[in-house]
Amino acid sequence: MTQSRGKLGIMACNSGRAFADEVVRHLGTIYERKGITDGFKYVVSEEVHFANNEVKTVVHEPIRGYDLYVIQLMDDPLASYSVNDNLMALATAINAAYNSDVESVTAVIPQFPNSRQERRKGRESLTAAMVAQFLEECGASRVLTIDIHAEAIVGFFRKARLDNLHASKEIIKYLYENSLITPSTVVVAPDVGSAETARYYSRELKCDMAMVIKERDYSKPSTVVSTRLVGTVKDCDVLIIDDMIATGGTLIAACKTLKEFGARRIDVAVTFPFFNGEAVERIDAAWKEGILTTVAGTNAVWRGKKFAEEHPWYHEVDVTRLFAEVLYRVNHMKSVSELLV
């Protein structure tokens, strides 16, 4: 088969390895279906951590001329690495690939780090822009992510291309497969920032929409002081849509408000189930009190099977198949536009 890019290669950082394993499995299915043998290579590499917490990546086989994709998850709840640790590990992997004379290297980062720091409110860093420049300087020619928190980040890249996928198709498929869409379903945005996303889901699901307005205490991170509702949820099945759950404060406050206004059942779907701080304990308590019924999150945050077994309210939505399809299409110079909407 003729193609104008180098041989497709997959390389994984430590925190991205489980995600990469699934992407590789789906890629194998794609190539088998198309009758292509020896279509891609899962590159052997090693992430070395030193006693002082420095890190480097070593590539253990030739990859000259490859169209290489380095997979990394920044927020890893199953390891002790911080987001900053994983960002540096990714940087060393990209640079190791660049120094190995690959044709191109793409950073596959479902979670774009520091994406909530895309604008300045005063004397503070524009960290999302710093990350974009950092990845470019390390040698990345493309960055592939999903449901980036702020579309403005696209404009921070000057040399590399940023492709932003969306988990909506996979989440909608999950909702229908689990019979979570009923004639009385109302899609709710838990804050103003998620209104556009909720509006999209309400159109696709042909449901009414409501929105929770929250007032924050900006002197404290992730602190909501009051909430109110725009729309009607009385005697309705509510579907809360957002891009992420961090500490869970916004979510639980929104659920309580919706219950006060007569919501019957509350299900939640997000792309990034970060569950920082005491989020899991808060959701556990809310589930036991009947405030919410289920929370679905994608494996863009890799939590593993044990987490779902320990927390019956949690359901996982797979997006590795989507990433595998995009990697195949990019490498074979095929259109990915239908996967980017």
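The values are calculated or read from the model by the stated rules, or taken from the named source; none is laboratory data. It should be emphasised that the depicted structure is a prediction, and the values quoted were computed from it without experimental measurement. Cβ coordinates were reconstructed from backbone atoms using ideal geometry, including for glycine residues, and neighbour counts include every protein chain displayed.
Summary table
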| read-out | value |
| --- | --- |
| Failed item, numbered, when F274 is tested on (1) under 25 Å from A79 (Cα atoms); (2) modelled with pLDDT under 95 | (2) |
| Residues of the stretch 78-96 that turn out to be touching a Phe, Trp or Tyr at 6+ places or on another chain (Cβ under 7 Å) and either in a loop (DSSP other than H, G, I, E, B) or among the β-branched types (V, I, T) (or both), as a count | 1 |
| Among the residues listed as W287, W302, the single one being surrounded by 14 or more Cβ atoms within 10 Å (Cβ to Cβ), touching a Phe, Trp or Tyr at 6+ places or on another chain (Cβ under 6 Å), in contact (Cβ under 8 Å) with a residue 12 or more places away in the chain and more than 22 Å from I172 (Cα to Cα) | W287 |
| Which numbered condition I171 misses (of (1) touching a strand residue (DSSP E or B) at 6+ places or on another chain (Cβ under 9 Å); (2) farther than 29 Å from M209 by Cβ) | (2) |
| Failed item, numbered, when D237 is tested on (1) more than 30 Å from A79 (Cβ to Cβ); (2) in contact (Cβ under 8 Å) with a residue 24 or more places away in the chain; (3) out of contact with any strand residue (DSSP E or B) (no Cβ under 9 Å at 6 or more places or on another chain) | (3) |
| Test: residue in the stretch 19-31 that is part of a loop (DSSP other than H, G, I, E, B) and either closer than 15 Å to N95 by Cα or out of contact with any Lys or Arg (no Cβ under 8 Å at 6 or more places or on another chain) (or both) | no |
| All positions within the stretch 177-190 that are in contact with a helix residue (DSSP H, G or I) (Cβ under 9 Å, 6 or more places away or on another chain) and over 17 Å from E151 (Cβ atoms) | L180, I181, T185, V186, V187, V188, P190 |
| Residues within the stretch 130-158 that are modelled with pLDDT of 95 or more, charged (D, E, K, R) and either within 20 Å of the chain's Cα centre (by Cα) or not in a helix (DSSP H, G or I) (or both), tallied | 2 |
